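Remarks on the structure that follows.
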Amino acid sequence: MPLRFFRLALVMTAFLASSGSHAAVYDTVYRASFEELAPEDQPANDAEAARFLTQATFGPTTSEIALVRQLGYSHWLDRQLGMPLTPSRAFLQQLGTDLAALVPTQSLNPNHRVDRWYHTATYGRDQLRQRMAFALSQIFVISDQNGAINQEITQVAEYWDLLGRDAFGTYRALLNDVTFDQSMGKYLSHFQNRRALGARLPDENYAREVMQLFSIGLVERNLDFSPILLGGNPVPTYDQNVISQMARVFTGFAYSNASATNIFGGSRATYLPMSCVQNEHDVGVKTVLAGVVLPANQICGTDVGLMLNVISAHQNVAPFISRQLIQRFVTSTPSPAYIGRVAAVFENNGSGERGDLGAVLRAILLDPDARNVNPPAGFGKLREPVLRLTALWRAWDAVAPLPVAGQPPGDIRMSGTVRGMSQTPLRANTVFNFYVPDFQQPGPIAAAGLFSPEFQITNENSIWAVGNTMYIHSWLGYVGGPVQNDRPVLELAPLAALAADPAAMVELANQRMLYGSMTTATRNALTTMVTALGAASASAIDKARSVAYVTALSPEFATQR
Amino acid sequence: MNTCSRQSRASRREFLQGLAGAIGCGSAAAIIPQFGLVGSALAAATGTVTGYKALVCVYLDGGNDAFNMLVPYDQARYDTYAVARGGVGTGLALDRTLLATTQITDSATGAEYALHPGIPGGTFTNDDRGMLDLRTLYQQNRVAFIPNIGTLTRPITKAEYSAKPGLRPPQLFSHQDQTYQWHFGRAGNSSVGWGGTVGDQLRGQNSNQTLSPCISIAGDNRFQIGLQTFPYQMGTGGLTALQTGGGTPRANAIAQILAGSQPSPFATEYQAVMNRAQSVFNVLDPALNDPGGLGNITTGFPLNNSLGDQLRMVARMIKVSRDTDFGIQHQRQIYFVRLGGFDMHDSLLAQGANGHAGLLQRVSEALLAFWNALNEIGAQNEVTTFTMSEFARTLSSNGNGSDHAWGSVAFAMGGAVNGGRLYGAYPDLVLDGATSLARGQQIPQIGMEQYAATLARWLGVTDTNALATIFPNLDEFATADLGFMVP
């Protein structure tokens, strides 16, 4: 018999005001009434809450599990959708200033940004916003492997903040901000892209990727992502002519502080959105995507704005974006029906607004397919290595390392010993991200018709490298062990307290790390291990770090369903 | 119905069009192997295998600006090139006075070319040597160039290119698609790559079947995926064991967990990858990690050169693999290495390590070191190294770089290569010419599967039916063997 919960929704207007770009129709209204939670809106137990948090955050914590049970899914989401952004660019600017104040030749390096990323992911209150920013960064890819932005740490951090600010706003606003971002401009080379002159023609990079990767993909699609067929064949969304014409649109971009007439002016120290220098913008007539004609003699802002309107309005955007977001949060092979339901919310959030990313995210996480605790065998995914690491830290309330000795307080080396993960936020090898959405691991997964993007970075070499990183952050990273200033350390006292009861130890690991999904085989293996360690007189903490590490290697921990 | 339609295979062309049409399908059905179509021809290994042979694929990732790698040197053709590229200093043309240092001659025609000479003034090395080392190998007749090679469904004229878009390779100018097509060996979609299917054919002659015949030092790739073959991926630093903290309880628990029953195919596959890692480690670790191990070589490789690092590991693995006493005993292998950074929409002519010059210098120096390592091992005639890249780049500039183009220049290197010449006609480097598009994108005159089939044949796939199945478009072209390999 379901318990009746009374809850008081919290007023969020203060948060709303400070959370930046935000879909206008998305409002959390103060509710003073006492309402029951609908049965489907409340987790039946801690395990269900933890499973939800595995999908929606960087890993469940005991306190967050309790909060989800108290609020129910919807109102937990409400709260998260109103949570302000944990800033990175401002933080790193201050760190850079502080570093130079200590030693004038000292400055930020790219790993400071990664350290900050891991710190926010692990401890930030804006879990859903940061997860969404991480997901968006795998669609709207920039990478500081690129020489043009590798040393522009502040600017790359600004891009990360941009994704976080726009996480719950509209797709159209996000597309605008991404297009005008300076780091994106340098990464896809529309920064200082000049109009044609003689044999010189404008760079086509952004024109191509904004369509292929950021909006519509290569073939026309239905709302459920199935391809539209003409005479049995898929229909391309654009051709090379379209790209060449659109390349002309993305011309004239310059530093935010460039003068109005010098595309090469301004200074790289800025991180603000690019300006557009009119005398380097192509003002001819252009026939772009979907046969739309942009008239001559428009100012750059108008030209680009109309172009982004055309892209954003394309019917592919809803399924193309929705499907990838589902893959990042819930399952690699969403059913067409699931995609269709989410894409429908993209098309109309219920208040007539299109592209409401907050509503889309709610739809993804509250969908019956996602909330089904007994999903079909092919449901779910291999978890991203980065998310396994943050989940390990959060499961055991990891303690952050102290600031590096002699350095400013902001210099916290969260990722000092993170190696071989095959993925680092905003550091993919190519604009195609760490993996592609359509990757299918050869063998049983492909034979079953399933997609498995994360397996594209999982091989006999990398899988052990990730395992060894788990080793460093559990067996070699625990409170009470040797002091480590280059990694967070796990608080394993709750586990060690159960050292006399192997079954209880193993069950705690099941709850903290596997949301109750531990198989019989894994349970038996772990219990046998703890018993054997006890017979060899291992200490309680040695048993605890053994359980934490070996559980981190388990297939259940590596996957989610 | 969420699957793309599949046309009945009334003819090879219709089959190809069906595959090409499937390229964009979101459904898995488009990517599942068409078993009925490939199974019979690939059922058994072909030919008699003797000794050891290996192919090494060097993938130049991003689209190599190939017409600055192999530049026409005689004054008339150089001038044409310079005009098309917008001039020296104002455009992307290399200075002819610099080209003198890397000048070569095509022994087949007597025509003069030059390799990229490097761009002075950078900080890459003390002297910007360009491709001097590759030139040395070329002058020893160990390097053959294949000009104007690219993805094609069949030979196509410029008129056909415009009038019949359906004849073009799908998604021309798209990195991912063109890269995959080079990996597949076909201008369409595929679930398998030609390195993998060649591996399927020849792996029967290898003793240790747990180690794939396809080995990648550059991570995941489509090239080395066959029907039964997947790439074994290694890093440049050898093998690192999975840590267990010592003793048996943890190690035993890990082994049991990796053998346990799991409800999810993702979990099962995770176990499978973990277990494969252990199995191969047990064989290779002694050879690669022990100080006196079999896998040690003394040949020096260039510093700050990731391609050199990868080729060094390839050399070590070749040594270990071909040894007739050690526990691998492979007779046929295919390696994959990669150098990235060639997608130079910007800064094509940058000095030092970050420009095209720096990348090509790395390629050149790494290959010479690899050649020397093969000499140390005694395998120079047994190993053929060849380049692939998704496309060349526009002759015309976009300001300071070039954009995606099509027909490119590839090369093969090895003791079995009949080198010192070009195989195929070097194109006229003009904009909007008889065989080029508006920005100097060359319409290829050689299909990349002709090149790949030549290499596959040398490795040991000699059966015509097998080659036709691995390379479905091969019969559209004049020859299945370009002739640059000594039989």
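We did not get these values from a lab; they are worked out from the coordinates using the rules stated. Please read these numbers as outputs of a predicted model, since none were measured by experiment. Glycine gets a Cβ as well: all are built from the backbone with ideal geometry, and neighbour counts include every protein chain shown.
Numerical summary
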| item | result |
| --- | --- |
| Among the listed pairs A:Lys186/A:Lys286; A:Lys381/A:Lys543; A:Lys286/B:Lys164, those beyond 27 Å (Cα-Cα) | A:Lys381/A:Lys543 |
| Net charge contributed by nearby residues that have their C-beta within less than 14 Å of A:Gly410 (K/R +1, D/E -1) | +1 |
| Computed helical MRE - 222 nm, chain B, DSSP H runs ≥ 4 contributing -39500 (n - 2.57), nearest 500 | -9500 deg cm²/dmol |
| Gyration tensor verdict on the stretch B:274-338 (Cα atoms; rounded if a/c is under 1.5, prolate if a/b is larger than b/c, oblate otherwise) | prolate |
| Rounded tilt (10° steps) of A:62-81 against the dominant C-alpha axis of chain A | 20 degrees |
| Acute angle (nearest 10 degrees) that the helix A:153-165 long axis makes with the longest principal axis of chain A, alpha-carbon atoms | 80 degrees |
| Long-range Cα-Cα pairs in the protein assembly as shown (distance over 57 Å), rounded percent | 11 percent |
| 5 Å-binned pair-distance histogram of the stretch A:263-396 (Cα, whole percent) | 2, 9, 13, 12, 12, 12, 12, 11, 8, 5, 3, 1, 0 |
| Per-residue HN-Hα couplings for the stretch A:199-214 [Karplus 6.51, -1.76, 1.60; θ = phi - 60°; Hz; x = Gly/Pro] | 7, 7, 10, x, 4, 9, 4, 5, 4, 6, 6, 4, 8, 5, 10, 9 |
| Under-5 Å amide H pairs with A:Asp356, H placed in peptide plane, nonlocal only | A:Tyr171, A:Asn349 |
| Rounded FRET efficiency, nearest 0.05, which uses the C-beta distance separating A:Arg125 from A:Asn309 and R0 of 35 Å | 0.50 |
| Neighbour-count ranking [beta-carbon atoms within 10 angstrom, fewest first] of B:Ser261, B:Ser389 | B:Ser261, B:Ser389 |
| Neighbour-count order for B:Arg142, A:Arg125, fewest beta carbons within 10 angstrom listed first | A:Arg125, B:Arg142 |
| Shielding by other protein chains, B:173-181, mean Cβ within 10 Å | 3 |
| Label point 7 Å beyond Cα of A:Ala448 along Cβ direction - residues of the stretch A:374-416 with amide nitrogen under 12 Å | A:375-382 |
| Distance between modelled label sites at B:Asn381 and A:Asn524, nm, 7 Å Cα→Cβ extension | 5.7 nm |
| J(HN,Hα) series, the stretch B:276-282, from Karplus relation 6.51 cos²θ - 1.76 cosθ + 1.60, nearest Hz, glycine and proline x | 5, 4, 5, 4, 6, 4, 4 |
| For the stretch B:467-482, Karplus couplings with θ = phi - 60° (6.51, -1.76, 1.60), whole Hz, Gly/Pro x | 5, 5, 7, 5, 10, x, 8, 4, 6, 7, 10, 5, 9, 8, 9, 6 |
| Residue mean of other protein chain beta carbons inside 10 Å, B:388-400 | 3 |
| FRET efficiency, A:Glu40 to A:Thr62 (Cβ-Cβ, R0 25 Å, nearest 0.05) | 0.60 |
| Principal-axis tilt of helix A:502-514 within chain A, Cα atoms, nearest 10 degrees | 10 degrees |
| Proxy reagent accessibility, fewest Cβ within 10 Å first, across B:Val430, A:Val288 | B:Val430, A:Val288 |
| Amide hydrogen neighbours beyond the local backbone of A:Val479, cut-off 5 Å, H modeled | A:Leu490, A:Glu491, A:Leu492 |
| Taking all pairs of distinct alpha-carbon atoms in chain B, Kirkwood radius in angstrom | 23.4 Å |
| Quotient of C-alpha Rg and 2.2 N^0.38 Å, computed over the stretch A:115-181 | 1.09 |
| Label point distance in nm, B:Gln75-A:Val285, each placed 7 Å from Cα along Cα→Cβ | 4.7 nm |
| Value of [θ]222 nm, deg cm²/dmol, for chain A, DSSP H segments ≥ 4, -39500 (n - 2.57) each, nearest 500 | -13500 deg cm²/dmol |
| Average beta carbon contacts from partner chains per residue of A:235-245, 10 Å cutoff | 3 |
| Normalised contact order of chain A, rounded percent, pairs of Cα under 8 Å and 6 or more residues apart | 15 percent |
| The stretch A:137-262: radius of gyration over Cα atoms, expressed as a fraction of 2.2 N^0.38 Å | 1.19 |
| Antiparallel DSSP beta bridges within the protein assembly as shown, as percent of all bridges there, nearest 5 | 55 percent |
| Alpha-carbon spread of chain A, three principal axes, descending order, Å | 82, 61, 55 |
| Computed label-point distance, nm, for sites A:Leu102 and A:Val483 using a 7 Å Cα→Cβ extension | 1.5 nm |
| Relative packing of B:346-359, B:391-404, B:233-246, which averages over residues the other C-beta atoms within 10 Å, highest first | B:391-404, B:346-359, B:233-246 |
| R0 of 25 Å, Cβ-Cβ distance B:Val486-B:Ser207: FRET efficiency to nearest 0.05 | 0.40 |
| Those aspartates and glutamates that a straight Cα-Cα span of less than 16 Å connects to B:Lys158, excepting residues fewer than 8 apart in one chain | B:Asp428, B:Asp432 |
| Cβ-defined net charge surrounding A:Ala133, 15 Å radius [Lys, Arg +1; Asp, Glu -1] | +2 |
